[in-house]
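Engineer: Below is the structure I would like to discuss, written out as structure tokens.
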Amino acid sequence: MNYITQTHLSRRHLLRGLGGAAIGLPFLDAMHPAMAQERLTAAAPVQRLGVLFFPHGATDRWLPTGAGESFTLSPGLAPLERHKKKLLVIAGLSSDPDRSKPGFHDRGTASWLTGCEPAEGRVEVGISMDQIAAQHFGKTTPFGSLELATEPPRISNGTPNYRDAKTMLPLENNPRIVFERLFGDSSKIDPVAAARRNQQDASTLDTVLEQIKALESELGAGDRVKMDQYTSSIRDVERRLQVAASAKPANLPALTRPAGIPDSYIEHVKMMFDLQALAFQADLTRVISFQYNTESSIMVFPEIGVDMQHHEASHHNYEPKKLDALHKINVLQSELFAYYLDKLDAIKEPSGSMLDNSIVFFGSTLSNPTVHSQRDLPVVLAGGANGRLDTGRFMRIPGDTTPLANMHLTLLDKLGIPTEKLGDGVTKLKLDRVSI
């Protein structure tokens with residue numbers, strides 16, 4: 001027999017392990033009491049913002065064909081087919097505040113989320129849209145935002161994330177450090193301390209499992225399943241981090257390989273996506289930015305048969321071999337994006353999935369990289385913003401003069417953060433069939 005109750009668990013309920021380490025709970029039905037208005041309970045829909053940056057633009061095999069709901073994903077976006085109904089692909093947006101200047105990596109990176117032209121010779125741009133969201137959501141989460149990557153940015157190009165006009169945010173590319181930042185102490189990095197942390201991590205999870213077991217007697221069958229899934233996710237991330245840390249590095253000269261970063265690029269990205277999903281699930285943050293790799297990256301991709309550096313492939317000068325290499329990289333980026341969307345869509349919340357309650361912006365600072373074009377940029381939005389984002393469409397905006405920052409203003413509005421101006425963006429972009 002089921003009983004209706006007005007009692008509920010707090011959304012901030014924490015499970016505590018050894019040494020005071022705390023792990024947040026996922027959404028549970030017990031946080032959503034019967035007969036109560038959803039917006040007044042701990043389970044009111046939580047909206048989140050994800051920003052995924054890939055460098056060096058795309059080929060002419062990236063944009064969809066067709067228009068509106070009658071569109072066909074291109075070969076470059078084909079891996080996203082299973083999520084097509086939750087995608088809004090947009091063409092015609094530009095991040096080029098001063099059109100008197102030629103496009104370039106540093107200009108594209110600086111203006112992508114800020115809508116501002118970088119100042120010559122100094123760090124001075126403007127707050128980025130993700131940090132506006134972080135200031136809003138960070139009032140109720142342990143971390144205002146996370147800025148992650150697979151490799152450190154080049155100093156000459158920087159990162160797209162700005163806390164304010166003069167504070168460019170650093171990126172973390174070591175999944176082990178990210179895990180410890182979220183779930184444990186990362187201040188000690190010597191081998192003895194690392195071994196002690198490994199043992200403490202296991203003990204912490206054992207302690208948490210005991211608390212979950214005690215808590216399960218108060219939960220319904222559905223919540224018990226969610227808790228099992230949540231615990232399995234934590235265990236899986238821990239297992240994969242341990243594998244990466246214990247892997248013997250290749251015998252290469254002058255190479256320091258930090259424990260925690262896998263040899264496989266694909267595994268590295270997936271691990272970072274797993275951590276992002278876990279951070280969202282535990283409500284440790286509601287804003288995360290991630291760079292597939294840095295602007296002007298010299299990374300190669302042997303796992304997909306690309307031994308040409310990414311930057312070199314992007315300067316293709318329309319040569320078939322380089323275009324093919326860049327296309328393969330674009331396809332891999334979409335495959336990994338689909339993996340991330342799978343993770344978010346599998347996490348169920350009171351009003352749909354985590355993906356349904358989020359906005360994930362996937363794009364690049366350049367369109368045609370061989371000429372460093374910052375116009376008509378690759379843009380995909382995924383998710384639903386709790387029903388406020390009209391997806392399942394391809395939207396082409398006439399010309400190439402509409403600022404990308406206009407879209408950022410609209411996204412902030414849909415996240416409940418009305419903002420009047422962002423760089424060269426002063427007009428909200430109408431993304432819906434019916435204006436917001």
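Throughout, read-outs are computed from the coordinates displayed, never taken from laboratory work. Fair warning: this is a prediction, and the values are worked out from it, not measured in the lab. Cβ atoms come from the backbone with ideal geometry, glycine included; neighbour counts cover every protein chain shown.
Engineer: Given Ala133, Gly115, Pro153, which one lies farthest toward the positive end of the charge dipole of the range 67-157, if we put +1 on the Cβ of every Lys and Arg and -1 on the Cβ of every Asp and Glu?
Structural biologist: Ranked along the dipole, the leading option is Ala133.
Engineer: Once phi is turned into θ = phi - 60°, what whole-Hz ³J(HN,Hα) does the Karplus curve with 6.51, -1.76 and 1.60 give for every residue of the range 426-431, x standing for Gly and Pro?
Structural biologist: 10, 10, 5, 7, 7, 8
Engineer: Follow-up question, since we're still on this one. Quick one: net charge around Ser314, please, counting Lys, Arg +1 and Asp, Glu -1 for every other residue with C-beta under 11 Å from its C-beta. Please report the intermediate quantities before stating the final value.
Structural biologist: Working: positive: Lys322; negative: Glu295, Glu312.
Summing Lys/Arg as +1 and Asp/Glu as -1 gives -1.
Engineer: Next question. Over 27 Å apart: what share of the alpha carbon pairs of the range 286-436 falls there, rounded to a whole percent? The partial results should precede the final answer.
Structural biologist: Working: 3749 of 11325 pairs.
Value for the range 286-436 (Cα pairs over 27 Å): 33 percent.
Engineer: Taking K and R as +1 and D and E as -1, what net charge do the other residues with C-beta under 10 Å from the C-beta of Leu87 add up to? Could you put the intermediate results ahead of the total?
Structural biologist: Numbers: positive: Lys84, Lys85, Lys86, Arg393; negative: Glu81.
Once positives and negatives cancel, what remains is +3.
Engineer: Loop only by DSSP, 10 or fewer other Cβ within 10 Å of the Cβ. Give me the chymotrypsin sites (Phe, Trp or Tyr not before Pro) in the range 96-184 that pass, ordered by residue number. If you can, show how the numbers build up before the last one.
Structural biologist: Values: sites: Phe104, Trp112, Phe137, Phe143, Tyr162, Phe179, Phe183; in loops: Phe104, Phe143.
Here no loop site has a sparse enough neighbourhood.
Engineer: Right, another one. From the cross-link list Lys84/Lys166; Lys85/Lys322; Lys166/Lys421, which pairs have alpha carbons spaced over 28 Å apart?
Structural biologist: Lys84/Lys166; Lys85/Lys322
Engineer: So which chymotrypsin sites (Phe, Trp or Tyr not before Pro) in the range 292-365 are both in a DSSP loop and have at most 10 other Cβ atoms within 10 Å of their Cβ?
Structural biologist: Values: sites: Tyr292, Tyr318, Phe337, Tyr339, Tyr340, Phe361, Phe362; in loops: Tyr292, Tyr318.
Of the chymotrypsin sites (Phe, Trp or Tyr not before Pro), the ones in loops of the range 292-365 whose Cβ has at most 10 other Cβ atoms within 10 Å are Tyr318.
Engineer: If each residue of separation counts as 0.36 nm, what is the full-extension length gain between Ser217 and Glu303 once their alpha-carbon separation is subtracted? Can you show the working numbers first?
Structural biologist: Working: separation 86, 0.36 × 86 = 30.96 nm, distance 4.65 nm.
Stretched out fully, the Ser217 to Glu303 stretch lengthens by 26.3 nm.
Engineer: Let me ask another. Taking 25 Å as the cut-off for C-alpha to C-alpha distance, list the pairs among Lys139/Lys414; Lys86/Lys270; Lys101/Lys321 that go past it. Provide the component values of the computation, followed by the final result.
Structural biologist: Values: Lys139/Lys414 18 Å; Lys86/Lys270 21 Å; Lys101/Lys321 30 Å.
Result: Lys101/Lys321 exceed 25 Å.
Engineer: Right, another one. Under a Cβ-Cβ cut-off of 12 Å, what is the net charge of the residues other than Leu377 that fall near it, where Lys and Arg count +1 and Asp and Glu count -1? Walk me through the intermediate numbers first.
Structural biologist: Numbers: positive: Arg375; negative: Asp96, Asp376, Asp400.
Here the charged neighbours net out to -2.
Engineer: Same structure, new question: Any idea how far apart Asp106 and Arg396 come out in nm if each label point goes 7 Å out from Cα toward Cβ?
Structural biologist: Once both label points are built, they end up 3.6 nm from each other.
Engineer: For Lys430, go through the aspartates and glutamates and keep the ones whose alpha-carbon is under 19 Å away, minus same-chain ones fewer than eight residues off.
Structural biologist: Once the sequence-local aspartates and glutamates are set aside, what remains near Lys430 is Glu69, Asp376, Asp390, Asp400, Asp413, Glu420.
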